[in-house]
Amino acid sequence: MTILILASILTVSLGVADILNKSVQISKISQRSSIAFLAAETGAERILNLARNNALTEAAFQAGCDGGYIDLDNNVCGDKIYYITPGNADYYYKVKYDYNSAPLHTYTIVGYYFNTRRSIEVQYAK
């Protein structure tokens, strides 16, 4: 009888431990997802700031960049990584340009944090 009670307690304890372990994993994924979203939002703010100050040259992106990554620093096509925190290679964003959305200018900013990524799409008209 004692062995049966101990086995029941052990089974319940292992079940609770498994539930807690999964909760911790979900919490980590949620946290990383939120941070990746903040990286994407940082890129979106940069796009809007450059557009507001007429510093974006969409004409440079129109030839061959459609749907691909762009380099905002040099106004050319290219898979450029923008690090949020210098020295942290796991926290960054990239920018894509969609030329086929005329008259709107459409950018997709993909934020990364470790193995998690989130994206934001920004559209505006000049």
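The values are calculated or read from the model by the stated rules, or taken from the named source; none is laboratory data. Small disclaimer: the values here were computed from a predicted structure and weren't measured. With ideal geometry, Cβ positions are generated from the backbone for all residues, glycine too; neighbour counts draw on all protein chains shown.
Some observations on this one:
- Residue in segment 70-102 that is nearest to residue 118 (Cα to Cα), counting only those that are of a type in the set (Phe, Trp, Tyr) and touching a strand residue (DSSP E or B) at 6+ places or on another chain (Cβ under 7 Å): 93
- Flag if residue 72 is under 20 Å from the mean Cα position of the chain (by Cα) and at pLDDT below 90: yes
- Of the residues making up segment 100-126, those that are of a type in the set (Ser, Thr, Tyr) and either exposed (fewer than 15 other Cβ atoms within 10 Å of the Cβ) or free of Cβ contacts under 8 Å to residues at least 40 places away in the same chain (or both) are 101, 106, 108, 124.
- Taking the criterion of being surrounded by 13 or more Cβ atoms within 10 Å (Cβ to Cβ) and not hydrophobic (A, V, I, L, M, F, W, C), the residues of segment 85-99 that qualify are 90, 91, 92, 93, 94, 96, 97, 98, 99.
- Filtered by the rule that a residue be surrounded by fewer than 17 Cβ atoms within 10 Å (Cβ to Cβ) and modelled with pLDDT of 85 or more, segment 75-84 gives 80, 81, 83.
- Pairs with Cβ under 8 Å, 6+ apart, first in segment 27-40 and farther than 21 Å from residue 108 by Cα, second at pLDDT below 95: 29/116
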